[in-house]
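One structure, pasted below without further comment.
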Amino acid sequence: MSGPLIGTLCISGMLILMFLRVPIAVSMFVSGSIGYISVAGLTPLLGFLKSNPYSQLSSYSLSVVPMFLLMGHLATHAGISKALFRAANAFFGSWRGGLSIASIGGCAMFGAISGSSLATAATMGKVALPEMKRFNYSGALATGSLAAGGTLGILIPPSVILVIYAIITEQNVAKMFLAAFIPGFIAALGYMITVSIYVRIYPEAGPAGDKTDAKEKIDALIGVIPAAILFVVVIGGIYAGVFTPTEAATFGVIGTGLLAWWNGINKEEMAESLTGTAVTTGMIYMILLGANIFNAFLTQTQLPQTLAQVIGDSGYSPMLVLMLILLMYLILGCVMDSLSMILLTIPIFFPIIQALDFGLGPEEAAIWFGIIALIVVEVGLITPPVGLNVFVINKLAKDVPMVESFKGVMPFLISDFIRVAILIAFPSLTLYLVRVLY
Amino acid sequence: MQTQSFENEPMAIRALEKICWMLALAGAAVLIALALTTVVSVLGRYLFNSPVSGDFEIVEIGCAIAVACFLPYCQLRQGNVIVDLFTLKAPQAIKNILDAIGCILLTVMAGLMTWRVGLSGMDLQRYNDQTMILQFNTWKAFVIIVPCLGLLTLAGLVTAWRSLKGKHGVDPHLAAEQE
């Protein structure tokens with residue numbers, strides 16, 4: 001059998017295992033190992049297994065991942081979300097749909113501290129949902145805006161998935177984070193505009209909230225200062241090249257920890273933050289271990305290189321290929337979690353993207369594709385049937401039926417698609433800050 | 001804590017549950033210690049021109065230990081993500097069997113890693129492998145990491161047994177909520 005054929009067979013085998021409820025990490029490991037044996041033999045596989053797990057666990061560039069996760073888990077109990085929502089609410093609350101707009105603003109700011117969408121949605125939801133209920137917001141708008149706002153968590157740096165994308169494609173993490181900034185801002189703005197349009201069509205869905213006076217505005221702003229300092233130190237430090245990402249994240253861990261302690265985190269909440277970090281870190285490293293062996297095998301089959309060459313020589317328009325890849329992400333995103341998708345597909349798609357001419361240099365194309373891929377992958381978090389963000393928010397808002405929540409998300413999906421189109425049409429939006437600052 | 005629903009389980013499993021929980025907390029404590037060391041090192045570097053020497057090595061070794069400590073607990077909480085879309089409508093009994101198979105395969109993966117990484121640790125001790133700056137004997141980290149992988153193997157078996165009995169650590173959506 002030829003390498004690419006074995007590669008294709010093992011990819012199919014892996015998908016079958018995955019669809020039969022075998023954990024994604026294990027599906028990759030099992031099919032990757034079998035493929036590795038058939039291409040290279042048992043001894044090389046055993047050699048690989050001897051050295052690879054430790055080098056993976058002890059990778060310095062990956063060590064930023066558990067640090068960011070710990071920071072995010074501590075942040076959920078540090079009283080940050082309350083302060084952020086209060087500040088956003090002081091400015092937008094009196095508008096029509098203002099609580100939804102404030103939640104999105106709060107999510108965007110929380111996303112600047114947490115690298116996870118689900119945590120952002122859940123944390124902000126706990127603060128914002130009771131308020132929205134008080135003002136009789138429709139279930140669809142309340143849950144929809146929070147589920148969509150949650151996706152800002154992963155797009156606005158720090159972002160675990162961007163770190164991992166940068167590692168596999170050998171890009172600079174600081175540049176990736178910088179590139180995500182404007183798209184993240186456009187995303188938040190787009191969602192806010194979506195809410196404004198929505199409440200003009202359905203005025204009863206999101207009535208205006210309380211007016212706030214200047215004193216409340218100032219008090220609320222003061223409450224945001226700790227979070228702002230954290231962001232400036234952590235992300236600003238990475239942008240400015242003062243620290244490595246890991247070093248920045250450690251400052252974030254200590255800062256958020258102190259803030260949580262200041263706000264009186266109790267023993268149970270502390271244990272919950274720590275064990276929560278254990279579960280998510282464990283999950284991510286298991287997927288990394290599985291993906292590693294799978295990708296080592298794929299490289300040996302020459303499948304990614306062959307595919308890239310065939311598509312590069314085929315004369316298809318680069319845009320068409322990009323669209324097909326993104327379409328595949330949309331479909332896969334309805335089924336899989338985003339990290340597994342990135343780890344599985346980037347080794348195959350990235351060489352293709354690099355072989356095509358988008359009128360950008362190889363590094364710029366890599367950064368631009370990474371941001372767009374991340375956004376499209378994250379759309380899966382709010383699409384049926386397994387939009388995890390929607391599930392999380394829906395669980396918090398106990399009296400809203402699931403169907404309502406998915407309906408509420410639809411306008412935001414439209415906003416997502418418009419944004420992706422804009423970012424594809426104008427790569428300079430993504431690349432602007434990178435070009436200016438490097 | 002989800003442990004309450006497993007109260008009637010055999011003593012050995014309850015002990016394993018407790019050990020893995022404590023390991024998870026210990027791993028997190030290691031992370032916090034690493035964070036403190038790094039912060040001190042960076043401040044030292046900028047303010048006093050004297051970083052903690054070998055801080056990168058400390059992070060690498062510490063991080064490997066911390067993550068290894070997390071793995072068994074993660075599996076006991078069914079933290080390893082699965083795709084459940086295609087089996088949503090399947091009867092519960094079938095799902096339980098499939099879940100058990102998944103856990104067994106995970107056990108195989110963990111067992112293989114325990115064996116290979118254990119051998120690698122023994123090699124490192126034989127060759128007296130040391131880190132560049134601190135001259136730390138790498139095999140010492142393996143004394144913690146390899147037993148953690150062993151516990152992951154056991155955790156795989158326990159979750160397989162629980163799946164067969166229809167007990168789930170947590171629902172996958174809840175597990176993902178912590179992401």
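The values are calculated or read from the model by the stated rules, or taken from the named source; none is laboratory data. Values in this document were obtained by computation on a predicted structure and should not be read as measured data. Here Cβ is always computed from backbone atoms with ideal geometry, including for glycine, and neighbour counts include all displayed protein chains. These area figures cover heavy atoms from the full protein model, side chains too; ligands, DNA and RNA do not enter into them. Shrake-Rupley method; radii C 1.70, N 1.55, O 1.52, S 1.80 Å.
Check the straight Cα-Cα distances from A:LYS175 and name the aspartates and glutamates below 17 Å, setting aside those fewer than 8 residues away within the same chain.
Here the aspartates and glutamates satisfying the reach criterion relative to A:LYS175 are A:GLU247, A:GLU363, A:GLU364.
Something else: Taking 0.36 nm per residue of separation and subtracting the Cα-Cα distance, what length does fully extending A:ASP210 through A:ALA40 add?
Details: separation 170, 0.36 × 170 = 61.20 nm, distance 6.78 nm.
Gain on stretching A:ASP210 to A:ALA40: 54.4 nm.
If you don't mind, there's one more thing I want to ask. Cross-link candidates for A:LYS50: which aspartates and glutamates have Cα within less than 12 Å, leaving aside residues fewer than 8 places away along the same chain?
Hits, sequence-local ones excluded: B:ASP123.
Further question: Could you tell me whether the protein assembly as shown comes out rounded, prolate or oblate from its Cα gyration tensor? Rule is a ≥ b ≥ c as square roots of the eigenvalues, rounded for a/c under 1.5, then prolate if a/b exceeds b/c, otherwise oblate. Working shown, then result.
On the way: a/c = 1.35, a/b = 1.27, b/c = 1.06.
It is rounded, given that a/c, with a ≥ b ≥ c, falls under 1.5.
Whole angstrom only: what separates the Cα centroid of region A:88-126 from the Cα centroid of region A:263-314?
28 Å
In what sequence, highest mean first, do A:244-256, A:105-117 appear when ranked by Cβ atoms within 10 angstrom? Walk me through the numbers before you get to the answer.
Values: A:244-256: 26.0, A:105-117: 28.8.
Listed from highest to lowest mean packing, they are A:105-117, A:244-256.
On a 31 Å Cα-Cα criterion, which of the cross-link pairs A:LYS407/B:LYS167; A:LYS395/B:LYS95; A:LYS407/B:LYS89; B:LYS89/B:LYS165 come out too long? All intermediate terms of the calculation are to be shown ahead of the outcome.
On the way: A:LYS407/B:LYS167 33 Å; A:LYS395/B:LYS95 23 Å; A:LYS407/B:LYS89 23 Å; B:LYS89/B:LYS165 19 Å.
Long pairs (Cα-Cα over 31 Å): A:LYS407/B:LYS167.
Next up: Non-local amide H neighbours of B:GLN130 (under 5 Å, H modeled in plane, Pro and chain starts lacking H): which ones?
B:THR138
Which order do B:ASP129, A:ASP357 take when ranked by solvent-accessible area (1.4 Å probe, heavy atoms of all protein chains), largest first? Working shown, then result.
Working: B:ASP129 60, A:ASP357 115 Å².
If we order B:ASP129, A:ASP357 from most to least accessible, we get A:ASP357, B:ASP129.
Right, another one. According to a simple spin-label model (label point 7 Å from Cα along Cα-to-Cβ), what is the distance in nm between A:SER2 and A:ARG435?
So the label points at A:ARG435 and A:SER2 sit 4.1 nm apart.
So how do A:272-278, B:41-47, A:139-145, B:111-117 stack up, highest first, on mean other-Cβ count within 10 Å?
On the way: A:272-278: 25.0, B:41-47: 15.0, A:139-145: 27.6, B:111-117: 20.4.
Top to bottom by mean Cβ count within 10 Å: A:139-145, A:272-278, B:111-117, B:41-47.
Here is a follow-up. Quick one: Karplus J couplings for region A:311-316, per residue in order, coefficients 6.51, -1.76, 1.60, θ = phi - 60°, nearest Hz, x for Gly and Pro?
5, x, 7, 6, x, 4
From the backbone phi of region A:56-61, what are the Karplus-calculated ³J(HN,Hα) couplings (6.51 cos²θ - 1.76 cosθ + 1.60, θ = phi - 60°) in whole Hz, Gly and Pro given as x?
Whole-Hz 3J(HN,Hα) from phi for region A:56-61: 5, 5, 9, 6, 5, 5.
Something else about it: For region A:370-384 and region A:321-353, write down the distance between their C-alpha centroids in whole Å.
Centre-to-centre distance over Cα atoms comes out at 10 Å.
Please provide three numbers in whole Å: the alpha-carbon extents of region B:1-108 along the principal axes, with the largest listed first.
That gives 65, 34, 24 Å along the principal axes, largest extent first.
If you roll a 1.4 Å probe over the protein assembly as shown with all protein chains in place, what percent of the accessible area is carbon or sulfur? Intermediate results must be reported in sequence, preceding the final value.
Working: 16540 of 23980 Å².
Using a 1.4 Å probe with all protein chains present, the protein assembly as shown comes out at 69 percent carbon and sulfur.
To the nearest 10 degrees, how steeply does helix A:402-425 sit against the main Cα axis of chain A, on a 0 to 90 scale?
70 degrees
Applying a 10 Å radius around every beta-carbon, put A:12-25, B:136-149 in order of their mean neighbour count, most first.
Numbers: A:12-25: 21.4, B:136-149: 19.8.
Packing proxy ranking, top to bottom: A:12-25, B:136-149.
If R₀ is 30 angstrom, what is the calculated FRET efficiency for the pair A:SER55 and A:ALA271, using the beta carbon separation as r and rounding to 0.05? Let's see the in-between values first.
Numbers: r = 31 Å, r/R0 = 1.04.
It comes out at approximately 0.45.
On to the next question. Which FRET efficiency value, to the nearest 0.05, is calculated for A:TRP262 and A:ILE218 with the Förster distance at 22 angstrom and r the Cβ-Cβ distance?
Values: r = 21 Å, r/R0 = 0.94.
The pair A:TRP262/A:ILE218 has a calculated efficiency of 0.60.
Also: Report, as an integer, the average count of C-beta atoms from other chains found within 10 Å of each Cβ along B:30-42. Walk me through the numbers before you get to the answer.
Numbers: counts 1, 11, 9, 0, 7, 14, 4, 1, 12, 7, 2, 2, 8.
That works out to 6 on average.
Quick query: amide H of A:GLN302 versus all other amide H atoms, modeled in the peptide plane; which residues come in under 5 Å with a sequence gap of 5 or more or a different chain?
Excluding prolines and chain starts, which carry no amide H, there are no hits.
Between A:ARG134 and B:VAL40, what is the FRET efficiency for a Förster distance of 30 Å, r being their Cβ-Cβ separation, to the nearest 0.05?
For A:ARG134 and B:VAL40, the calculated efficiency is 0.05.
Next up: Apply the Karplus curve 6.51 cos²θ - 1.76 cosθ + 1.60, θ = phi - 60°, to the phi angles in region A:178-184 and return the couplings in whole Hz, x for Gly and Pro.
5, 5, 6, 5, 5, x, x
Just grab the label-to-label distance for A:ALA421 and A:TYR316, each label 7 Å out from Cα along the Cβ direction, in nm (one decimal).
Here the modelled spin labels are 2.2 nm apart.
While we're on this one: Determine the distance separating the Cα centre of region B:108-154 from the Cα centre of region B:48-88; give it in Å without decimals.
15 Å
Hey, got the average number of other protein chain Cβ atoms within 10 angstrom for residues in A:64-72?
Details: counts 2, 2, 10, 7, 0, 4, 6, 1, 2.
The per-residue average across the peptide is 4.
Would you work out the charge dipole size for region A:163-258 about its Cα centre, treating the Cβ of every Lys and Arg as +1 and the Cβ of every Asp and Glu as -1, and quote it to the nearest 20 debye? Before the final figure, lay out the partial values.
Details: 5 positive and 7 negative charges, 34 e Å.
Roughly 160 debye, rounded to the nearest 20.
Continuing with the same structure: Under 5 Å between amide H atoms, partner at least 5 residues away or on a different chain: which partners does A:TRP95 have, H built in plane at 1.01 Å?
Amide H to amide H, under 5 Å and 5 or more residues apart or across chains, A:TRP95 pairs with A:GLY209.
With everything on Cα atoms, drop me the angle between helix A:267-301 and the longest principal axis of chain A, reported from 0 to 90° to the nearest 10.
Rounded to the nearest ten degrees, it is 30.
In Å², what does the accessible area per residue of the protein assembly as shown work out to with a 1.4 Å probe? Write out the running numbers ahead of the final one.
On the way: 23980 Å² over 617 residues.
Counting only protein heavy atoms, the per-residue value for the protein assembly as shown is 39 Å².
Taking only Cα atoms, what is the 0 to 90° angle, nearest 10, from helix A:3-19's long axis to the longest principal axis of chain A?
It works out to around 40 degrees.
Further question on the same structure: Quick check on chain A: helices-only [θ] at 222 nm, where DSSP H runs of length 4 and up contribute -39,500 (n - 2.57) each and the sum goes over total residues. Nearest 500, please.
Values: 22 runs with 344 residues, N = 438.
When only DSSP H runs of four or more count, the value is -26000 deg cm²/dmol.
Please give the residues of region A:403-419, grouped as numeric ranges, whose backbone N is less than 19 Å from a label point set 7 Å along the Cα-to-Cβ vector of A:TYR202.
Answer for region A:403-419: A:403-417.
Order A:TYR202, A:TYR329, A:TYR137 by their accessible area, 1.4 angstrom probe, all chains in place, largest first.
Numbers: A:TYR202 110, A:TYR329 0, A:TYR137 20 Å².
From most exposed to least exposed: A:TYR202, A:TYR137, A:TYR329.
At 7 Å along Cα-to-Cβ for each site, give me the label-to-label distance between B:PHE136 and A:PHE185 in nm.
Between B:PHE136 and A:PHE185, the simple spin-label model gives 4.1 nm.
Please compute the average number of Cβ atoms from other chains found within 10 Å of each residue's Cβ in peptide B:116-128.
Numbers: counts 10, 7, 1, 3, 8, 2, 0, 2, 1, 0, 0, 0, 0.
Counting other chains' Cβ atoms within 10 Å and averaging over B:116-128 gives 3.
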